[in-house]
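Here's the structure, in structure tokens; my notes come after.
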Amino acid sequence: MVESNRVEFKRELNDSLEKEVVGFFNYPEGGELYIGITDDGTIIGLENTDDIQKRIVDRIKNNIYPSVMGLYDVINVTMDEKNVIKIAISSGPEKPYYIKKYGMSPNGCFMRVGTTVQQMPKEIIDSLYSKRIRNSLGLLTSPRQDLTFKQLKIFYEENGFDLNSKFLKNLEFYTEDARFNYAAYLLADENGNSMKVAKYSGIDKVDLIENSEFGYCSLIKATTNILNKLEIENITRTEITSTVRREKRLVDPTALKEAVINAIIHNDYSNGIPPLFEIFSDRFVVTSSGGLPQELTHEEFFEGISAPRNKELMRVFRDLKLVEQLGSGIQRILNSYDKSIFKFSPNFLIVSFQVENAGKNAGKNAGKNAGKNAGKNVLKLNTTQINIIVLIKENKYITQEEIGIKLDKNVSTIQRNMKKLQEQKLIERMGSATDGYWKIL
């Protein structure tokens with residue numbers, strides 16, 4: 001590895017950190033800054049990396065403007081058995097970025113030029129500022145101000161976060177005039193955003209057999225419900241030959257999950273068009289509006305260069321472990337599929353996952369997800385029932401009380417839905433009420 005327009009080495013943490021990082025935030029492709037490597041590429045490593053990581057995060061958070069929350073990762077990596085800190089930086093959507101104490105001036109604004117970082121001329125600063133995205137979720141005011149965040153807080157607490165009175169402020173849910181912004185609106189308990197999972201009987205949109213709606217709640221809860229719904233629909237098929245028994249999901253579950261999460265995070269919500277998820281007899285299709293974020297080229301997109309359209313959403317999804325490292329989602333998809341599954345247009349990004357051997361043995365094997373009868377009955381399942389099956393799949397000893405807490409439903413609602421699942425022979429109680437477990441048929 002050598003220094004380039006997207007890679008910078010530093011022997012140690014020094015006063016130039018903000019300048020180097022700002023240069024990458026202002027660069028169309030972002031970049032990576034390694035601390036613990038000399039200019040010639042010699043890996044010397046670092047001591048006390050935990051303390052250095054904390055100092056880096058604090059300096060980036062407090063010394064750079066506009067906010068870069070959700071646009072970078074600070075990671076401790078091992079290279080040649082030595083500890084090195086890697087700062088992965090996305091191209092920012094609100095250029096120009098600058099060092100706060102110097103303001104939006106050539107002394108505070110920097111840009112990458114080849115392998116160097118240089119002051120940004122005033123003409124470029126003015127041009128970038130005039131083009132600054134005005135439909136950023138953080139800048140748009142929420143259409144409602146009576147927002148609550150009970151659902152979001154539950155997700156954070158389940159992930160080990162201790163919440164305080166600054167929870168909403170830390171997530172940057174307010175505009176400059178102290179009103180809730182559009183990111184807050186999307187993540188609130190109640191909102192007007194809704195996403196659909198449409199299922200068709202054939203390869204076109206002629207015969208719609210199911211149209212499930214997920215929304216009007218926190219975007220995190222809606223995302224979880226959609227992932228659970230697709231988990232049920234993405235059944236396991238079994239093919240038996242004279243020599244081998246082969247089981248495989250309709251489409252790769254990891255790739256499908258990444259496509260769904262990418263669509264939800266990077267969707268352009270300012271135009272009022274939510275992501276759409278469709279299931280045909282021969283394919284699963286994920287559609288998001290807004291086209292490629294930040295005018296990335298196709299090549300940069302496939303290389304995993306990260307330029308989040310909605311940094312506020314990216315931050316929350318990363319906190320809740322729905323997203324891992326920046327730019328890693330596309331690579332996970334490409335691990336199982338080639339680039340041809342992506343279709344680009346100025347206003348939409350469409351990912352189409354072909355079902356292997358579509359039409360072959362269809363309906364014979366509903367497989368592991370919901371049992372051999374799930375394929376026949378899935379159309380009758382509501383969102384709560386789908387989520388119950390997924391939770392039982394994860395933990396067969398789960399109690400009805402625990403399911404109620406996770407789904408934010410009272411116990412009587414859970415009992416009623418589980419009774420229906422038993423009547424449809426999708427689940428069965430094995431053993432006693434106290435020592436038994438749930439079985440997916």
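The values are calculated or read from the model by the stated rules, or taken from the named source; none is laboratory data. Predicted model only: the values in this text are computed from it and were never measured. Positions of Cβ are backbone-derived with ideal geometry, glycine not excepted, and every protein chain shown enters the neighbour counts.
Below are the figures for this structure:
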| item | result |
| --- | --- |
| Answer residue from segment 377-403, given it is more than 25 Å from the chain's Cα centre (by Cα) and free of Cβ contacts under 8 Å to residues at least 40 places away in the same chain and is farthest from Ser194 (Cα to Cα) among those | Thr399 |
| Filter result for Arg179 (out of contact with any strand residue (DSSP E or B) (no Cβ under 6 Å at 6 or more places or on another chain) and of a type in the set (Lys, Arg)) | no |
| Residues located in segment 24-39, provided they are in contact (Cβ under 8 Å) with a residue 60 or more places away in the chain and more than 9 Å from Ile89 (Cβ to Cβ) | Asn26, Pro28, Glu29 |
| Residue check for Gly103: among the small types (Gly, Ala, Ser) and at pLDDT 95 or above | no |
| Answer from Ser194, Ser201 - the residue that is more than 26 Å from the chain's Cα centre (by Cα), among the small types (Gly, Ala, Ser) and at negative phi | Ser201 |
| Filter pass, Arg55 being of a type in the set (Lys, Arg), out of contact with any strand residue (DSSP E or B) (no Cβ under 6 Å at 6 or more places or on another chain) and part of a strand (DSSP E or B) | no |
| Lys61 vs. criteria surrounded by fewer than 19 Cβ atoms within 10 Å (Cβ to Cβ), free of Cβ contacts under 8 Å to residues at least 12 places away in the same chain and in a helix (DSSP H, G or I) | yes |
| Filter result for the condition that a residue is in a strand (DSSP E or B), crowded, with 20+ Cβ neighbours inside 10 Å and modelled with pLDDT of 95 or more, over Val117, Val77 | Val117 |
| Strands (runs of 3 or more DSSP E) contained entirely in segment 198-307, each with at least 3 residues that are of a type in the set (Val, Ile, Thr) and not assigned by TED's automatic domain parsing to the domain that holds Val390 | 236-240, 283-289 |
| The listed residue being within 27 Å of Gly114 (Cβ to Cβ), in the same structural domain as Met111 (by TED's automatic domain parsing), under 24 Å from the mean Cα position of the chain (by Cα) and at pLDDT 95 or above, out of Leu33, Leu71, Leu17, Leu46 | Leu33 |
| Within segment 311-337, tally of residues that are at pLDDT below 90, surrounded by 18 or more Cβ atoms within 10 Å (Cβ to Cβ) and in contact with a strand residue (DSSP E or B) (Cβ under 9 Å, 6 or more places away or on another chain) | 2 |
| Unmet criterion (only one of (1) within 23 Å of the chain's Cα centre (by Cα); (2) part of a strand (DSSP E or B)) for Ile85 | (1) |
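One line per residue, one yes/no per condition, for (1) of a type in the set (Val, Ile, Thr); (2) touching a helix residue (DSSP H, G or I) at 6+ places or on another chain (Cβ under 7 Å):
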| site | (1), (2) |
| --- | --- |
| Lys396 | no, no |
| Thr399 | yes, no |
| Asp408 | no, yes |
| Arg416 | no, no |
| Leu421 | no, yes |
| Lys425 | no, no |
| Glu428 | no, yes |
| Ser432 | no, no |
| Trp438 | no, yes |
